[in-house]
Amino acid sequence: MISELVKSFQPYRVVEGNYRIRLDKNESPYDLPGEVKEKIFEELREIAFNRYPHITSMPAREAIADFYGVSPDNVAVGNGSDELLSYLVRLFEGNHIVITPPTFGMYSFYAKLNNVPVVEVPLREDFTLDGEAVAKKAKNARVVFIASPNNPTGNLQPEEEIIRVLETGRPVVLDEAYAEFAGKSLWKLIEEYPNLVVLRTFSKAFGMAGIRVGYMLAGEEIVDALYRIKSPFSVGIMTMTAIRVALRHADLMEKTVRKIVEERERMGRKLGELAYPSDANFLLVRLNAYEELLKRGIVVRKLSGRLEGHIRVTVGRRWENDAFLEAVEEIAGDSDVGGL
Ligand code: PMP
């Protein structure tokens with residue numbers, strides 16, 4: 001009954017159990033402040049729930065467009081940036097997609113689901129993008145996916161390497177889910193490159209992963225095309241209200257980001273040789289400690305393939321980070337886990 005293609009996918013895994021510290025999903029450890037939530041609730045009280053939301057999410061697009069000083073025609077929103085990725089795989093002419101592993105898994109997930117071949121151009125030894133190698137594979141590609149900062153390696157990609165790929169003229173999705181933590185974004189390049197889509201999210205720096213909203217900034221032609229195929233009502237009125245209010249309080253987000261970045265740097269210093277430098281809200285750690293950490297009630301992300309024996313840890317609250325660091329110190333002393 002179920003298609004072979006669908007059966008080839010693994011069910012989503014949830015780490016069962018009541019763990020005291022969850023540092024596995026690159027969420028913000030900080031919820032929206034109570035006063036911002038109250039403002040969202042106040043606005044929601046005035047809104048009719050019986051009507052469908054705006055069919056192309058204009059209220060949300062206008063708020064994001066104002067924030068960036070662009071036109072709403074340059075903005076599309078989705079139920080998480082994941083939803084937008086599912087369309088971006090289908091939007092363009094061409095054969096395959098290009099990805100640069102190790103990177104975010106959803107690019108190849110949606111490609112496989114749509115029977116689109118995936119061509120891999122691995123990141124260099126130091127996890128930087130090889131723009132020239134990607135450009136070679138971009139010929140006939142539908143789209144190239146580049147994450148910067150990259151997940152799970154945490155590094156920002158060099159601008160010149162990204163530009164090398166953009167110069168091919170093929171569609172490029174630059175996934176900047178973690179850009180706020182890097183303090184750098186290339187979104188303005190959409191003015192110069194009509195083949196560029198910059199993908200952003202409210203799930204990380206804004207601390208709104210549970211709300212589910214992501215957006216893309218791109219030229220009008222791409223945004224118009226996306227709205228031809230997008231599920232019409234996937235971004236609800238509660239979501240749109242929440243982000244309109246959150247954007248009015250973006251200064252709070254910036255404060256939170258500074259706190260997380262400070263903690264990231266502190267963790268990096270403590271981990272020393274074990275951690276790679278990061279421009280995101282997580283660290284790639286060269287330690288085969290997933291199970292040992294779990295035993296101590298700490299959930300991190302276990303990595304495989306080229307990053308076998310590594311874990312990815314989200315920067316949490318200070319006490320959570322301290323518990324993680326303490327556990328690592330204990331575990332790394334044990335030679336079985338490939339510590340110091
Ligand atoms: N892109 C990258 C690189 C990510 O790491 C994530 C979340 N883990 C996403 C996109 C998707 O985020 P969301 O759907 O919550 O917007």
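Side notes on the structure shown:
- The range 101-150 and the range 62-90: distance between their alpha carbon centers, rounded to Å: 21 Å
- Helix-derived mean residue ellipticity, 222 nm - over the chain, DSSP H n ≥ 4, -39500 (n - 2.57), to 500: -11000 deg cm²/dmol
- Flagged links, alpha-carbon separation over 22 Å, of Lys137/Lys204; Lys25/Lys295; Lys184/Lys302; Lys184/Lys230; Lys184/Lys270: Lys137/Lys204; Lys184/Lys302; Lys184/Lys230; Lys184/Lys270
- Selection from Leu325, Leu174, Thr241 lying farthest towards where the dipole of the chain points positive, charges on Cβ: Thr241
- Look at the alpha carbon pairs under 8 Å that are at least 6 residues apart: their mean separation over the length of the chain gives a relative contact order of 22 percent.
- Exposed loop positions in the chain were taken to be chymotrypsin sites (Phe, Trp or Tyr not before Pro) whose DSSP state is not H, G, I, E or B and which have at most 11 other beta-carbon atoms within 10 angstrom. Between these positions, the longest stretch is 50-340.
- Each DSSP beta bridge with both residues in the chain is either parallel or antiparallel, and the antiparallel ones are about 50%.
- In a simple Cβ point-charge model (Lys, Arg +1; Asp, Glu -1; nothing else charged), the range 34-248 has a dipole of about 620 debye relative to its Cα centre.
- A simple spin-label model places pseudo-atoms 7 Å from Cα toward Cβ; at Lys136 and Arg45 they are separated by 6.3 nm.
- Dipole magnitude for the range 159-246: about 520 debye, using +1 per Lys or Arg Cβ and -1 per Asp or Glu Cβ, origin at the Cα centre.
- When Ile211, Ile2 are sorted by how many other C-beta atoms sit within 10 angstrom of their C-beta, beginning with the fewest, the order is Ile2, Ile211.
- Per-residue ³J(HN,Hα) for the range 225-230, Karplus 6.51 cos²θ - 1.76 cosθ + 1.60, θ = phi - 60°, Hz, x for Gly and Pro: 5, 4, 6, 6, 10, 6
- For the options Lys302, Lys136, Lys204, a Gaussian network treatment of the chain with springs between C-alpha atoms closer than 10 Å singles out Lys136 as fluctuating the most.
- The alpha-carbon atoms of the range 34-248 define a convex hull whose volume equals 115 cubic angstrom per residue.
No lab work stands behind these numbers, since they all come straight from the coordinates. If you're wondering where the values come from, they're calculated on a predicted model, not measured in any experiment. Heads up, the Cβs are rebuilt from the backbone with ideal geometry, glycines too, and the neighbour counts pull from every protein chain shown.
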